[in-house]
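Structure record follows, encoded as structure tokens.
Computed from the coordinates by the stated procedures, all read-outs in this text should not be read as laboratory data. Just so you know, these numbers come straight off a predicted model, no measurement behind them. No Cβ is skipped: glycine too gets one built from the backbone with ideal geometry, and neighbour counts run over all protein chains shown.
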Amino acid sequence: MRKKLYWSVFFLNFSLALSAYINSLFIESQLGARAVGPAYALVSLLLLFGLALVPELLARAPRRLRLLTNLFLILKIVVCLVLVYAKWPPAILLAFIAFDTLGYLARFNLDLTLEHLTTNRETGRIRGFFLTITNAAWLAAPLLVGTLLGTTEDYAKIYWLVALALIPALYFSATSRKVVTKNLPGQFFPILLKVFRHRNNHYRQIYLVMLADFLLNLFYALMVIYLPLHLHNTLGFAWPTIGLIFTIMLLPFVIVTYPLGWLADKKWGEKEIMALGFTLAGVATLFIPQITSTNLLVWAGILFATRVGAASIEIMKETYLFKKIEAKDIEVLSLSRNLLPLAYLLAPLIGSIVLFYSSTTTIFTALGLITLLGIIPTLALKDTR
């Protein structure tokens, strides 16, 4: 029965990837450049609230996980149509907030469903396949978006495509196995206080890897929001070119994770590879403001380098965290789900402040320096080897 769940995961992630890199340009075209940061911040606040509310709802109605997931998917399809047809700015803003929030809540629920269908002895294999499906969906989307948009800025057709992609996601979710939820993750802030309050070496290691994880999510958030604006508006790249650049950029998430996992087990520890990842991602990002060329290969190369670094951090922090987590504090894993919206809450604030005084190029200078800060908590980790 997991097969249907996997298909639902694929189509949901495909729908998320289709809109991820055009959302900021859509908001700018409809509401103005100054609305981009606040719109993403509002999404993050609502998502944090939703991630806190969903476990509470499921604790009261443990048989309603599939129903709740389907409801999120149906509502997102409706909101897609609102984004296509709405002309009134407040309606567009509210629809965008709901659009982004519902997608990530549905992904949270599918992730929770997978947890309940997975035994401990198969966690690594199932999680690896889950990440492969997710990465494949994200890799397939940019080239299609670029082809559909061409030289236009008709973002409405992308939201139509998102709605169409959500229909099979809904079908496979609705016909998948029903699960009864148990051992739900605790609330975000009590768990966070637990990690900070305990000063023994075990929780110190968890705190350090969570800090590295947060900086990685901040890297993702600033890139997703401001890289399309820079490439399209500042440098004048057409969407077919941007789609190709993004496809090449995302390849490391598919091709480097397994070899790096082998290296971490056999040759080096996780922290060495993570530190190299932060160094590569940070230094490559610092080069972005210096590049004025509109050569496709130049941009594909530098962004590919940033994602080799990011993919290295991603796989190493996941590996490290799963090795460090004990049965008694498995709830700490739920922190990872909340770090992304926290990053998306901070990223627009950083971007808005920078744009008030400077331009998008300065955002990448700041991001490069922030990313390099990840080396500090990483080197303080104690290797598992």
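Between segment 77-92 and segment 224-296, what is the C-alpha centre distance in whole Å?
The two parts, judged by their Cα centres, are 32 Å apart.
Identify the residues of segment 6-31 with backbone N under 20 Å of a label point that sits 7 angstrom from the Cα of Glu153 along the Cα-to-Cβ direction, or state none.
What the label zone holds, given the 20 Å backbone N cut-off, is 19-31.
As an exercise, use a Förster radius of 22 Å and the Cβ-Cβ distance of Val254 and Lys4 to find the FRET efficiency, rounded to the nearest 0.05.
Given R0 = 22 Å and the Cβ-Cβ separation, E is 0.40.
Quick one: divide the alpha-carbon radius of gyration of segment 1-184 by 2.2 N^0.38 Å and tell me what you get.
So the Cα radius of gyration is 1.05 times the expected 2.2 N^0.38 Å.
Can you classify segment 1-73 as rounded, prolate or oblate using the Cα gyration tensor, where a ≥ b ≥ c are the square roots of its eigenvalues, rounded means a/c under 1.5, and otherwise it's prolate if a/b beats b/c and oblate if not?
oblate
Val78 to Ile291: extension gain in nm, 0.36 nm per residue of separation minus the Cα-Cα distance?
Extra length available between Val78 and Ile291 comes to 72.6 nm.
³J(HN,Hα) across segment 339-344 via Karplus (A = 6.51, B = -1.76, C = 1.60, θ = phi - 60°), whole Hz, x for Gly/Pro?
Once θ is set to phi - 60°, the couplings for segment 339-344 become 5, 5, x, 5, 5, 6 Hz.
Please arrange Val256, Val283 by how many other C-beta atoms lie within 10 Å of their C-beta, fewest to most.
Val283, Val256
Quick one: if the Förster radius is 51 Å, what FRET efficiency do Thr362 and Leu53 give, using the C-beta to C-beta distance and rounding to 0.05?
0.85
At q = 0.14, 0.16, 0.21 Å⁻¹, what is the log10 ratio I(q)/I(0) for segment 30-111, with the Debye formula run over Cα points and no solvent?
Evaluating at q = 0.14, 0.16, 0.21 Å⁻¹ gives log10 I(q)/I(0) of -0.50, -0.63, -0.95.
Please give the contour-minus-distance gain from Arg34 to Ala136: 0.36 nm per residue of separation, less the Cα-Cα distance, rounded to one decimal in nm.
Residue separation times 0.36 nm, minus the Cα-Cα distance, leaves 33.4 nm.
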